[in-house]
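In what follows, a structure is listed as structure tokens, so that the remarks can point back to it.
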Amino acid sequence: MENSIDFTGISGLLGTASTGGGIPSEELLPLVYDELRHLAARRMTAYGPAASLQPTALVHEAWLRLAQVDDRCWNDKAHFFRTAAKAMRGILVDRARRKTALKRGDRLAEISIDDLEICAAEPEDRLLMIDDVLDRLEQQDEVSARIVTLKFFGGLTNRQIAELHDVTERTVERQWAYARLKLFEMIQDEHE
Amino acid sequence: MSMNDPYEIEEMLLRATIEFPDADERACFLDWACRGDDSLRARMVKLLSIQENSARFFDFKPFDITVENGDDPASAVNDETDDGEIGLKIGRYRLIRRLGEGGHGVVYQAEQETPVKRQVALKLIRMGLDHEQVIARFEMERQALAMMDHPGIARVLDAGATPTGRPYFVMQWVTGEPITEFCDKNRLTIRQRLELFIRVCHAIQHAHQKGVIHRDIKPSNVLASFHDGVPLPKVIDFGIAKATGGGLADPGGEPEPILGTPNYMSPEQGLFGGLDVDTRTDVFSLGVLLCEILTGKTPFGPAANVTLQTGELPQSIAKRQHKTPFAILGEYPPVELVELAATRACKARDLIRLVKGDLDAVVMKCLQASRQHRYDTANGLALDIQRHLDDNLVSARPARRRERLGKLLRRNRLAFAVGGVAFFTLAAGFGTSTWLFFREAEARREQVRLRSEAEAARTVETQLRSQAEAREASAQAAVKLSYGHIAEADLLLAAIPTDMAPSSLEAANAYRELGDWHRKAGRIRQAAERYTALAGAISSVDRSDVYQISGDLLPAAVTTCQLGDWPSHERVRQVALDRFGATQNPIVAEQIIKASTLRSADPGTMEKIALLAGFLESAVRPEYGNGSQDDGSAWQCYSLALWNHRRGDPAQVIHWGESSLRRSMASDSRVACVRLLLAMAQHRSGEAEEARKQLAEAARLIDRTLELSSEIASGKSDQWHDWMSAQILLKEAGAMIGPAKAD
């Protein structure tokens, strides 16, 4: 997955941490930066230097958010990824809000939208729609909501999620398809 | 999680249902699985129906959303797989079928329901970051688009935006195939292809006249189909490239990637953000299209679709190397060439022969990097192709003109001669009023001079703009001429100050034609103005050392001299000497000497002419001496006699003049001119009696020409300006020797 954030280096460390009772944030930092450099280099070859700035900045921002809480320790890698993905969601939603605000003075909600328009909406608008209903989905169907957070906002691959939850990749794909359906239905209802 | 969890059940049921690929089987399975539970079944049907849309809805990478001026290429191209939109309604239109995807968006076949039910093509524009600008830009274009009414152009019917602001355009529904595919599939011959292509040019020309530039001419935007057995083109997407130009047309906005092929883009489209683009951009693209229609390939290789960043475009365009159609054919492996020729219903050898020469030159003229060397208009291009089809001279290939000039002259001799007669009869009637006419011309010219001085003092921008206007006016004039609207064309050209004459072959042709028109009607003042503009236009546009170009300077030189308009005459003379002062072509030298020695000149000018005369003296071939005629060198001798007349060497005048008469007596106008020169030389040498005889002889020749129009019409006459030169010399000789008396 081209745009996913690769946490394998960290997860190795967290794997050992899960047996040893937690690992402090400052020890994670150098590892995250290694990952970022790797990621940047990969994107550099794919899109040219300018393109590498976006995800780098994004992950950096996520890290700052995670590190804001002093003396934080991680129970296991699932704990780390869930929290990281939530942080990412916050950042991505903020960005999308900034963008739509810049563009049309924050009047997304007033527009009535039919089927076509939902699918044709710009990515940032879609992202905000997803964010709008995701909390509600979490109350109904926790598994689906968690998949969306990890995969969509956290950028984890099916494989990483499968490892995390100890299921097969095929199951993750199926859960993801169902979660999309649920969210889409809710968004549709919301805009009818 | 227990199986009682409704979401778990839903999920499993859904998963199972999807395993049935066939809709009927699915329905059957759901009937069974949801028996007794209608609400569950309804829910499953609903979930299944939104399955595709939900996948599409999530099909983007949140990481690629950028807030700053976007430098991330993925953001604008990774979404949009709109299959699920079929059946949906946009405004008054219902989407029926997805037709394809272009650089700007997705095209659907759609149906309009009110006020009339009809098929349309609806183009839903890709969501850019500036869709409000797109709409605004389109609104500006809309009026122009609405004015376009041409069978070769698909009309833009409507435009609007969806509630979320996604712009769309509605176009006339057109059936047809991309022109290149159409031609190959139906095995059109090269001639049929050219005839079809000419129609494309006419459609583009129509739009240009309405002020609309297409900017995106390529096979997929030029559709063709048979109508009553005749292949006809339809150009689609007019003006949309401009309206949706995004970052290209708006360097201040957010840059957007360019989807498509840069092969059809003109160099200037890649420069300055594509701002400085005019109708000649379309001429460039037409050239690329023509090449592909002829050879199956564009001059820049196969028309590969690529995605480019705006920043990469100029380099990409600058880097490309183009090949001539002939070279492209040469690179085909023999087997493929035979196949290619077969789709053009001819043999490989014939294909190469057909493309070589004229068509090669026509394509290359379209592809000139600098626009002023291209055809000024699509119509100019069409006319040249038509000339080729009529086995006539093409303007793109002057060398060929030389080979065929004799033929051209033969064909047009009658027209030249008739024009000459009309002029003389009218000029004779003018009498005294001509003098007043000159004074008016003087005042008028002074006004023009003042105006052009004032213009020179203005800013560069204004100058550039008026140049552009002049170019536009002359392009329009060329079109009007081609439709036979001569008076209208003349009004357009008359509005351009003579020294602002656009430098292009097309403008030159228009000036020449209108000059001839005025001359034949006896309006020498206007004719002289057009010819003077012709001299300016032609001398800067084509730098080749050929007499077809220098010959275009003679009408201006002769008419201004005949009118006594010395400032204009002097200007033409200087243009002629600057342009051809170093010619290595004897015929050019002869013409330039003739053009610049009709009246006395200052020492500096005389020096320049002396160089030409020196060259010509060394180039003129010896007399045959066996009585056989040599009209060509006879003319050269005459021009040397004229030169020696101006520098006051009677002996040399007699030497060259007599040599001219010995070589040929074929053209009366030259014989008259030579006799007048001999008369003046003899007069100066004190041979008064001989001088009078020569003068009388010449006057008789000229009179007879005026009286016996039938003799001129029969083909013995030369070009009208030679007769006019004879009249000028007759006046001069009359003033020197005394009025000619017939014996």
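Throughout, read-outs are computed from the coordinates displayed, never taken from laboratory work. What you see is a predicted model; the values in this text were computed from it and never measured. Don't worry about glycine lacking a Cβ; one is built from the backbone with ideal geometry, like all the others, and counts go over all protein chains shown.
Quick look at the numbers
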{"read-out": "Amide proton proximity set for B:Leu157, modelled H, under 5 Å, gap of 5+", "value": "B:Val170, B:Met171, B:Gln172"}
{"read-out": "Contour minus Cα-Cα distance for B:Arg349 and B:Tyr7 (0.36 nm per residue)", "value": "115.8 nm"}
{"read-out": "Where labels lie 7 Å past Cα in the beta-carbon direction, separation of B:Glu181 and A:Ala101 in nm", "value": "4.8"}
{"read-out": "Surrounding net charge for B:Ala121, when Lys and Arg each add one and Asp and Glu each subtract one, Cβ distance under 12 Å", "value": "+3"}
{"read-out": "Peptides ranked, highest mean first, by Cβ atoms within 10 Å: ranges B:21-34, A:123-136", "value": "A:123-136, B:21-34"}
{"read-out": "Counting all C-alpha pairs of the stretch B:485-561, share separated by more than 15 Å (%)", "value": "48"}
{"read-out": "Filter on B:Lys365/B:Lys608; A:Lys99/B:Lys89; B:Lys210/B:Lys234 - keep pairs with C-alpha separation over 23 Å", "value": "B:Lys365/B:Lys608; A:Lys99/B:Lys89"}
{"read-out": "Potential lengthening between B:Ala495 and B:Asp602 on full extension [0.36 nm per residue; Cα-Cα distance subtracted]", "value": "35.3 nm"}
{"read-out": "Debye-sum result for the stretch B:6-49 in log10 I(q)/I(0), which assumes one identical scatterer on each alpha carbon, at q = 0.23 Å⁻¹", "value": "-0.72"}
{"read-out": "Gain on full stretching of the segment that runs from B:Gln629 to B:Lys356 - 0.36 nm per residue minus C-alpha separation", "value": "94.6 nm"}
{"read-out": "Two-site FRET efficiency, A:Gln139 against A:His191, from Cβ-Cβ distance with R₀ of 25 Å, rounded to 0.05", "value": "0.80"}
{"read-out": "Cα→Cβ-extended label distance, 7 Å offset, between B:Val335 and B:Arg97, nm", "value": "3.6"}
{"read-out": "Net charge contributed by nearby residues that have their C-beta within less than 13 Å of B:Asp578 (K/R +1, D/E -1)", "value": "+4"}
